[in-house]
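This report refers to the structure that appears directly beneath it.
The values are calculated or read from the model by the stated rules, or taken from the named source; none is laboratory data. This structure is a prediction, so every number in the text was calculated from the model and none was measured. Reconstructed Cβ throughout: ideal geometry from the backbone, glycine too, with neighbour counts over all protein chains shown.
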């Protein structure tokens, strides 16, 4: 009887949505926010884990995405980028507003950040005609494997900032200035 009650309780919890699904547990939602030059910048993304897989390079996990070598820069829904100010992102003029971030990973050691005007879509929905533009990213290697994808927005002083993405054996960053 006790095992039947335990099973029933678990089934109720699962069916009521109290527990999280496997997909969301494997790539939990994350938000990175910073105030730079008095303006707020936010990135909302799903943070997948390496879990022993090869993520970038020949025969990698990302190469299975239908838009390869364009990557959704996260998991699940497309990675959302919001800025309360006009920005200069490594020479690209980005008006205040909402965007989606993608990464061109064709060369695993020389990525391009893609800022796309389409918003609210699933991550595998990529329309190149909606690109606001692309900028080269500064690449480096972390001291150890970065298990969970991580975005960081850093205040570099004044109205300057840095957007950084780290995952697996890659760290990619791009400077920006708040206008």
_Scan the stretch 114-130 and tell me whether some residue there is touching a helix residue (DSSP H, G or I) at 6+ places or on another chain (Cβ under 6 Å) and part of a loop (DSSP other than H, G, I, E, B)._
yes
*Name the residues in the stretch 67-85 that are in contact with a helix residue (DSSP H, G or I) (Cβ under 7 Å, 6 or more places away or on another chain) and closer than 15 Å to residue 165 by Cα, would you?*
71
*Can you tell me which residue within the stretch 138-179, out of those that are outside any strand (DSSP E or B) and in contact (Cβ under 8 Å) with a residue 40 or more places away in the chain, is nearest to residue 78 (Cα to Cα)?*
169
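Got a sec? Which of 79, 119, 105 is more than 15 Å from residue 168 (Cα to Cα) and crowded, with 19+ Cβ neighbours inside 10 Å?
The unique qualifying residue is 79.
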*Filter pass, residue 150 being surrounded by 13 or more Cβ atoms within 10 Å (Cβ to Cβ) and either in contact with a strand residue (DSSP E or B) (Cβ under 6 Å, 6 or more places away or on another chain) or over 30 Å from residue 35 (Cβ atoms) (or both)*: yes
*Looking at (1) at negative phi; (2) under 14 Å from the mean Cα position of the chain (by Cα), which is the only condition residue 143 fails?*
(2)
*Filter the stretch 33-66 for residues that are surrounded by 14 or more Cβ atoms within 10 Å (Cβ to Cβ) and in contact with a helix residue (DSSP H, G or I) (Cβ under 9 Å, 6 or more places away or on another chain); which is modelled with the lowest pLDDT?*
57
*Subset of the stretch 51-78 (residues that are closer than 24 Å to residue 154 by Cα and touching a residue at least 60 places away in the same chain (Cβ under 8 Å))*: 73, 74, 75
